[in-house]
Amino acid sequence: MANDSTPPVLSIQAVLSASPNGMALLSRDGTIHYANPAFIELFPRTEEAKTTIYELWSLDSRETLPEDVSFFLPHHCTISQVEGSVYHLLSLAVPPVVETVLDAPIDAAMIVTDGSFKITRYNEGAAALFGYSASDAIGRMTPVDLHDRQELDARKLRLEKINLRPLSYEETLLVHGRDTENEWTYRRKNGSILNGRLFMTPLDDGQSGYFLIILDITGQKQLERHLTQSERRFRLFSESVVEAVIFHENGIILDANRAAEIIFRTTLELMKGHQTSEFIAEPYREDVLKRIESHQEEPYEVVGRRADGTLVEIEVFPREIFHEKQRMRVAVVRDITERKRIERMLEREKNAIMRQRDIIQSILQASNEGFLLTEEDGSFIFMNIRARKLLDIPGIAPSKIQERISLIPHIDAQTKHFMLEEVEGLLAGRIHEVSFRFAIQRPNETTDLYYELYGTPVTKEKSRIGKHGFLFAFRDRTEEEKMDQVKNELVSTVSHELRTPLSSILGYMELLLHRQVSPEKTRRYIETVHNEANRLTSLLNDFLDIQRMEDGRQQYEFEEFSLHDLVIETVETFSETARHTISLHSEDDPLFIQADRNKIKQVLINLMSNAIKYSPHANQVDLTLTRQEDHAVIEVKDYGIGIPHNSFDKLFTKFYRVDNSDVRKIGGTGLGLAICKEIIESHGGSISVESEVGKGSLFSVMLELHPRKERIS
Ligand code: ADP
């Protein structure tokens, strides 16, 4: 059993060949004498004769074999002498975790290096990321070759300055691989650039090499760049607007722009973390908080409170915005102090203008004339009540003056036609101004209404309404027309009434002067002249009387007398001359009154003269005197030409005479009844008329009886 002292070589080989780990027998100089199948599988060159481990792994040959070294990772290599033999046993052990991790389908580049930083393992993720294949990388490249060299050198230099010593690339990467600055720029095989995050850890203190994981962060980097850009854009935008932009979370301020600092006179630092309602004036805080709580989005105006305690009027636009799927609440705040000031000023001015307009309108409304303001096309802008009545416009009908003219009631067709022509000429600019007179008939009244229409363009300088419009004024000249008529009547009456007696006086005087006239004729002529002179006198007296009465200068001398006696006396004077029979109907009742006896007599004479004068074809006049309670009533009745009903109300106005041929043939001044009315009314009595054309008239006078005298009698 001498064989027992030396191990049987063949049996060692048999043992080694059975091991799943790579194993080899070496001589002291590193020559591989035997490699088991697992070793040959890893390093096929071993099969060649006399290969040394130094050759196999390109290592410097050494005096002695290292004992426990890892030159080839991930294989941990141990070399130990086989006891009692010249051989050394080399065994490779693969750390199983590294192997598993490298093969795992992780979307990351995983690289293992040896102690000299040469790539020994390189997974699929790395190949996909960098474009280098495993055979490109393993044994030929270091991780440094994957880096952007400029960046790496720059960082290395910086670290060396800090550490005050030279550093290797692996040290540089390792330092950064641990801290937050682990983002690196890499270059692919095709030259393109990618961003990676590096996690690097030494294996066995770096002796055996390093394990590196590189994650592709290119996409993330792009997003970050995009975000910073858009954030910068947003900043720039929000800083450039004059509105305050306040970001908040349920009212708690998170961020704000420069305008917010200006509006609220504070700094962002002092705003952050505070409730927005702190920047609202006390009375409105609760309301604002409610709005924030209920997420209301309607804009509102409120009074803000600045950091220095002063108040500022603001308009708030609350919004909820979504950014990157995140909900943010923002309030845009605008300083509206100036706007409010202007608004208030405008309001005041508007009120002043409206007041002014109201004043002008009430002046126009109160005016006796009709005013009408139209647009350029004739449509109404304003009209006062008189104009409305005249044009018979019930409401504020959107109407035009030219359309309205043809609808004015009671104007004859010819006048309307002329009016329309004139107004249209004015509107069209053919006529510069219109001015004409027209009458409106009043079917139930004796007199017409007389108007004058005046129309003129209102140019821009004169008016603020539109570019240009027209002003129409309707002047009521009915009274003026009446006066005109009175004047005309007066002139013709006076000339006629004066001329008749004068020419008769002149005629008789000439006869007396130039002819030999018998004494009998002479007497008759003189009597006629005397009568005519009397007529002239009474005519002039009438003029003077009416003048005095109208001026209020008429003096009445009151006395108590019996009306009965006065009536008898007057009738007697008429019976001497008149060819009419005057019948007096009265009871034996003195009927005392207190009055101016002569004036009452004048009334009786006027009424009786008219009764005779205006009944040329009748010869009867009835005079009735009666008592009605405490009044005396005198009635003068004739059977003459009568008076039309529509003349009744004008009959007692001066110079009025019924306008018909019968009356014209009969002379008169139109003063008698006016004088009667003046006298009777000055005595507190009344005078009235009843009549029918062709049948006759009845004039009644009512006078109060004298109360005391009446009682005594
Ligand atoms: P005058 O008789 O001078 O014209 P009055 O004032 O006395 O003036 O009368 C006014 C008008 O009234 C008369 O012009 C006449 O038309 C009318 N009138 C007055 N009395 C009578 C009468 N008794 N019958 C008819 N018409 C009368």
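Where a number appears in this text, it was derived from the coordinates with a stated rule and is not lab data. Please read all numbers here as calculations on a predicted model, not as lab measurements. Cβ: placed from backbone, ideal geometry, glycine included. Neighbour counts: every protein chain shown.
Sorting 137-150, 488-501 by their mean Cβ neighbour count within 10 Å, with the most densely packed peptide first, gives 137-150, 488-501. Summed over qualifying helices (DSSP H, 4 residues or more, each -39500 (n - 2.57)) and divided by its residue number, the chain shows a 222 nm mean residue ellipticity of -13000 deg cm²/dmol. Principal semi-axes of the equivalent ellipsoid, √(5λ) from the alpha carbon gyration tensor of segment 292-410, are 54, 21, 10 Å from largest down. Within segment 245-343, the proportion of C-alpha pairs whose separation exceeds 19 Å stands at 36%. Relative to its Kirkwood radius, the Cα radius of gyration of segment 179-327 gives an Rg/Rh of 1.24.
If we sort 532-545, 349-362 on the protection proxy, mean other Cβ atoms within 10 Å, highest first, what's the order?
My ranking of the peptides, most packed first, is 532-545, 349-362.
Size descriptors for segment 438-537, from the alpha-carbon set: Rg then Dmax equal 28.1, 89 Å. Compactness ratio for the chain: Cα radius of gyration over 2.2 N^0.38 Å (N = residue count) comes to 2.54. Taking N as the residue count of segment 85-230, its C-alpha radius of gyration divided by 2.2 N^0.38 Å amounts to 1.15. Size descriptors for segment 523-585: radius of gyration and Dmax over Cα atoms are 16.1, 42 Å.
Residue ranges 585-595, 632-642 sort as 632-642, 585-595 when ordered by packing (mean number of other C-beta atoms within 10 Å per residue, highest first).
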